[in-house]
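Reviewing the structure listed below.
The values are calculated or read from the model by the stated rules, or taken from the named source; none is laboratory data. Bear in mind that the values here come from a model prediction, so they are computed numbers and not experimental data. Positions of Cβ are generated from backbone atoms using ideal geometry, with glycine treated the same way; all protein chains shown enter the neighbour counts. These area figures cover heavy atoms from the full protein model, side chains too; ligands, DNA and RNA do not enter into them. Shrake-Rupley method; radii C 1.70, N 1.55, O 1.52, S 1.80 Å.
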Amino acid sequence: MSNMKSMERELHCPVCKEIVKQPVVLPCQHSVCLMCASEVLVQNGYPPPELPPEPNSPASTPNTRSPHQARRPMPSKADHRPIDRVLRSGFGTYLSPGRRRKEPPHAMLFPCPPCGREVELGEKGLTDCLRNLTLERIVERYRHTVSLGSVAVMCQFCKPPQSLEATKGCADCRASFCNECFKLYHPWGTPRAQHEHVQPTLNFRPKVLSCPEHDQERLHFYCRTCQRLLCPLCKLRRVHAGHKVAPVAQAYQTLKDKITKEMNYVLANQETVLGQISQLESAITQTEANSVAAREQLSQSVRDLTALLAERHASLTEALERARQKRGEALAGQVAERRSLLEHAGLMAFSQELLKETDPPCFVQAARQTHSRLSTSIEGLQCFSLAADPSFRHFQLDVSKELKLLTDLQFIQAPLAPVIDTQKTLAYDQLFLCWRLPQESAPAWHFSVEFRRRGVVPGGGARGGIQGRLAAARWGWQRLEEVGGTSAVIDRLEMDSVYVLRVRGCNKAGFGEYSEEVYLHTPPAPVLNFYLDSRWGLHADRLVVSKEQRCARSVPGLSLLQAADLALTSCHLTADLLVGDVAITQGRHYWACSVEPGSYLVKVGVGLEAKLQEWFHLPQDMASPRYDPDSGHDSGAEDSLDSPPPFSFLTMGMGKIFLPHGPNHHNNHGCPANGTSPRRSPTISNGNIHASSPTGLTYPLPPRLGVCLDFEKGRVTFYDAHSLRPLWEGPVDCSGPVCPAFCFIGGGALQLQELVANRMADQTPVRRVTIQSRVTNLNN
């Protein structure tokens, strides 16, 4: 009883918030009342559908005579049409006025409250929505348990004045009978006597679900892809071709087992549930207490603003009063002065009396001041102006900014989701992450950087599902707390792994939203730190190396200018070699560099140190280190079919990179291509057209090129260092020390990738040889 009463919330319709009646299942798997669904569709502009009468309405009870008076025909199914038949009669398939019947109707959209979005019902509307018979049975058991259905169900075949309470219901006749009417309409020995007896009810359900599109077809299959029940005819449709379709009995058992396991898990963790309930109740209490404190703080802030505004109002009012008094006094003095100029008043009366003086010395002595005053008064008359401005225009307050601030006055907001700068973010010797806040975001005090290694499903399977979740749980999120600034460095990461990173800001309001997750692939081997060697392999008149020895540029020297001056039709270009200051003798190592897109021809790769020195001391009219000028790749593979080549280079120039065909060439998906079948047609990848030839193809120059040397295996692999996608892989002779090598033909520039550790350091690190010092004795 208690279990039944506690589940009432699960039986509520999300629209009317009452116990569901005649529920139908939406495509989103939520159930709503049929009447509620129809009302919602009508409110959204769809025509009202034809619905069955309410079970407790007079129309639902046949107006027939009592079986005591006369026998009447059997109740027809037309009088008690099932809901699914009404749904199948065309509910949801409408033609708007003026539309031709040949045009297909538009798909109906139903706003599902639990989902918070519109669910597409299809062109047939609720016709394709099946009744939730299981939920109806649960509701009926619930009503009988909690006595909500205590209202007696009357016999539908007794005359109303003498109606008796129904004692039985017939699932086939879809009606409720008293004992006498049931015996009357189900005579012994007739087929009707075999009808299924049920409890009396006003809402009869079909015995089984049938296909809404194919009448009387049972639903024997379940499409896992579409998550829909199918009949045998629906299964044959093209729309389900390639879908995972299973027998409904198998789907029933699978779902039943899953629900049983999930229930057992929940029941086994009741202590956890109770603990979480306690935490939630404590959170509710804290919410109430904190809301009261926040309300008081809000009131105090408003009071402070009001007090400050009142104080400022008094100060401004005092300043205005002082200005009014000062201006009034100035204008009043000017008025008194002008009044003295009247004919019989003030200065004019005194001047008239002064003119009556006949003694010259006395007159002269007394008239000088009067003359000065009269002259000043005449000037004032001729150039009259007010002694003070009567307007108070500059005493008006411009409160537009303040009003806007008050209008925008809000509670403090947490920072918005940061935006990660994918151009500056990279994974090299360490992982460097850079981000910024949107302009409209509130400021952040500090940031929290979270990262985790992306789980790889054992056996090389695809990520996802239960195995993917277990792998993700194994490699949980790690955090860098209270990161100041807008960048962070993460070290001690696994090599050749994909890491997921995200950032969120924090201020007084708490943590904001996470940024979009970015994926970074760490290098396949430890990063090799080296510098460009300026002691050999360098022609100072044609190559310029930066002070840090990480950048080189090819410039036209005097010899090249002289050669160009002597040649009338063409200029012979030489190949200038430049090597690193380390020699590799063991292990796997990775480094990256960037080539200026406007470079003419630049070669990047590795080579035997002895062979590189030998090539450097050859005459400078050699076109490249390969021995056969017609070779498709600078690898020297033509020397011997059995021995690996002493060099391995990739050629770049004019914004392109040349990838030679071969058994170790990687196509656009990173898989080895067939080197025996050269492609002659252009190749399209990611919207870029690559010119293809029998010997290879050209690819847009990546921002950074990565090189990985496996000394023990004698293999070198070239990568797009931005995405760590392999471009080309080939053999190289590792019988002796191997050096990183670069070759310039014509103008060009190259920049070695700087270590993240060096970039973040305050001072330039001391140069060091990472693997082994280069052996300079040529005889050895």
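A few comments on the model shown:
- Ordering ALA323, SER282, LEU309 by Cα displacement along the dipole of segment 279-352 toward the positive end leaves ALA323 in first place; charges were set at the Cβ atoms of Lys, Arg (+1) and Asp, Glu (-1).
- By accessible area with a 1.4 Å probe, ligands and nucleic acids excluded, highest first: order of ASP304, ASP421: ASP304, ASP421
- Expected-Rg normalisation [2.2 N^0.38 Å, Cα atoms] applied to segment 304-415: 2.02
- The solvent-accessible area of ASP172, taken with every protein chain present and a 1.4 Å probe, is close to 50 Å².
- Accessible carbon and sulfur surface of segment 214-361 relative to its total accessible area, %, 1.4 Å: 59
- For THR425 and HIS313, the FRET efficiency from 1/(1 + (r/R0)^6), where r spans their Cβ atoms and R0 equals 60 Å, is about 0.70.
- Heavy-atom accessible area order for CYS223, CYS362, largest first, 1.4 Å probe: CYS362, CYS223
- Rolling a 1.4 Å probe across the protein heavy atoms gives segment 250-382 an accessible surface of 82 Å² per residue.
- Alpha-carbon Debye profile of segment 173-299, log10 I(q)/I(0) at 0.20 Å⁻¹: -1.09
- Above-threshold pairs, the threshold being 23 Å between Cα atoms, out of LYS611/LYS713; LYS21/LYS261; LYS17/LYS168: LYS21/LYS261; LYS17/LYS168
- Cα-centred dipole magnitude for segment 159-263, charges only on beta-carbon of K, R (+1) and D, E (-1), debye, nearest 20: 440
- Taking a ≥ b ≥ c as the square roots of the eigenvalues of the alpha-carbon gyration tensor, segment 250-382 is classed prolate because a/c is 1.5 or more and a/b outweighs b/c.
- In percent, rounded to a whole number, the relative contact order of segment 273-421 is 22, using alpha-carbon pairs under 8 Å and six or more apart.
- Neighbourhood charge, 13 Å Cβ-Cβ cut-off, centred on ASP421 and excluding it, Lys, Arg +1 and Asp, Glu -1: +1
- Take the Cα radius of gyration of segment 273-338 and divide it by 2.2 N^0.38 Å, N being the number of residues; the result is 2.62.
- Heavy-atom accessible area for ASP496, with the other protein chains in place and a 1.4 Å probe, reaches approximately 90 Å².
- When the GluC sites (Glu not before Pro) in segment 299-381 are filtered for DSSP coil states and for at most 10 other beta-carbon atoms within 10 Å of their beta-carbon, the remaining sites are GLU343.
- Of the residues SER400, SER487, SER448, ranked by 1.4 Å probe accessible area with the largest first, the sequence reads SER400, SER487, SER448.
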